[in-house]
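Heads up, the thing below is written out as structure tokens.
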Amino acid sequence: MFMNLSQKIVVVGSGYMGGGMAQVMAQAGFKCVLADVSAEASALNLKRLILEAEEFERQGLFTPGSSERISKNLSFAETIEEAVKGAHYIAEAVPETIEIKEEVLTRISAATSLEAIIATNTSAIPIFKLSKFVVNPDRFLGVHWMNPAPFVPGVEIIPSPTTSNYVLESVEKFLAELGKAPFQVSDVTGFVANRLQFALFRESALMVEEGAATPEQIDNVVTNSFGFRLAFFGPFEIADMAGLDVYQGAFKSLSEAYGERFSVPPLLLKMTESGNLGLKKGGGFTKIDSAQKESLVNYRNKAYSSLMALRAAMGPSPKKTLK
């Protein structure tokens, strides 16, 4: 097991993302030290995180005793160098500019032991570009948490070509101990989550510019249609259930209207030309066994029905109730 409760964890960058990460670690029982641009900033954010944890506990979002545990396990250091001294795991969560990350990673690397694992929470910068700022880069990798950190389970793990397997496996185990759902992705710009998220936003913005829909209409369509499904099934699972021939036909119509950006993906064309149409025939991208069709449909229907009930219990978002 990689981390134990006696080992020191540091989060450099104690703002919204870094602070949320620190809350999760402290709540799990790990001693976590915050560091920021100044001791004053670290102290203010520490106070904020404890008050926030108390409020989350009152709201039932954190389990009873969480705020006390977070208060006990969180502290701050006067400087980055003081914070990372003797640390076993350092999470860098400073603003998303390569110049700031270069400065901070260089300072961390110079002040900590060569064995300490250093993780960057970059959202899109390739890890190999940042690894050159770290001495002994085999202990460096990307660990991209999702916002808000305490409540979204997914964490992307991005090794660079120099990241050691031991570091990769150790961080994956550590995140699982925190209750997160870690998944390894390739070291490409934007990784997976943001590359998909920003592709959707780009197309949404184009639709608004073209006058096809308003931002409000697009948000309503997404949250009540394919976005509703995405809580349970990924894009390939949804395509396999819908039928890959159906998808190919839709791409043909879209490409006729919008051109090359909606041409049929070669990967999809290859599947349909081989007669593999998804659940109806061949299993598709996710290799669904046709014998599982009934149980899959039952699960899908129960999942969507339960999500509808949850949404009804939650009521509309505050934004939708404002006049």
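The values are calculated or read from the model by the stated rules, or taken from the named source; none is laboratory data. In this text, all values refer to a predicted model and were calculated from it rather than measured experimentally. Because the Cβ atoms are built from the backbone with ideal geometry, glycine has one as well, and the counts that use them run over all protein chains shown.
Screening segment 7-88 for helices (runs of 4 or more DSSP H) wholly inside it with 3 or more residues that are surrounded by fewer than 14 Cβ atoms within 10 Å (Cβ to Cβ) returns the ranges 39-58. Within segment 236-246, which residues are touching a residue at least 24 places away in the same chain (Cβ under 8 Å) and either more than 18 Å from residue 293 (Cα to Cα) or in contact with a helix residue (DSSP H, G or I) (Cβ under 8 Å, 6 or more places away or on another chain) (or both)? Result: 239, 241, 244, 245. Taking the listed residues 231, 205, 239, the one that is closer than 30 Å to residue 283 by Cβ, part of a helix (DSSP H, G or I), out of contact with any Cys (no Cβ under 9 Å at 6 or more places or on another chain) and of a type in the set (A, V, I, L, M, F, W, C) is 239, with no other qualifying.
Restricting attention to segment 110-124 and to residues that are under 25 Å from the mean Cα position of the chain (by Cα) and surrounded by 18 or more Cβ atoms within 10 Å (Cβ to Cβ), the residue that is farthest from residue 8 (Cα to Cα) turns out to be 123. Is there any pair with a first residue in segment 267-279 that is under 13 Å from residue 237 (Cα atoms) and a second that is modelled with pLDDT under 95 and in a loop (DSSP other than H, G, I, E, B) whose Cβ atoms are under 8 Å apart and which are 6 or more apart or on different chains, and what are they? Filtered contacts from segment 267-279: 278/288; 279/288. If we keep just the residues of segment 283-323 that are free of Cβ contacts under 8 Å to residues at least 12 places away in the same chain and of a type in the set (Lys, Arg), which is nearest to residue 227 (Cα to Cα)? Among those residues, the one meeting the criterion is 311. Only residues that are part of a loop (DSSP other than H, G, I, E, B), modelled with pLDDT of 95 or more and surrounded by 13 or more Cβ atoms within 10 Å (Cβ to Cβ) were counted across segment 260-282, and they come to 4.
Taken over segment 130-151, the criterion of being in contact with a Lys or Arg (Cβ under 9 Å, 6 or more places away or on another chain) and either under 15 Å from residue 191 (Cβ atoms) or not hydrophobic (A, V, I, L, M, F, W, C) (or both) is satisfied by 130, 145. Selection of segment 144-198 for residues being assigned to a loop (DSSP other than H, G, I, E, B) and in contact with a strand residue (DSSP E or B) (Cβ under 6 Å, 6 or more places away or on another chain) yields 146, 153, 163, 180, 185, 187, 191.
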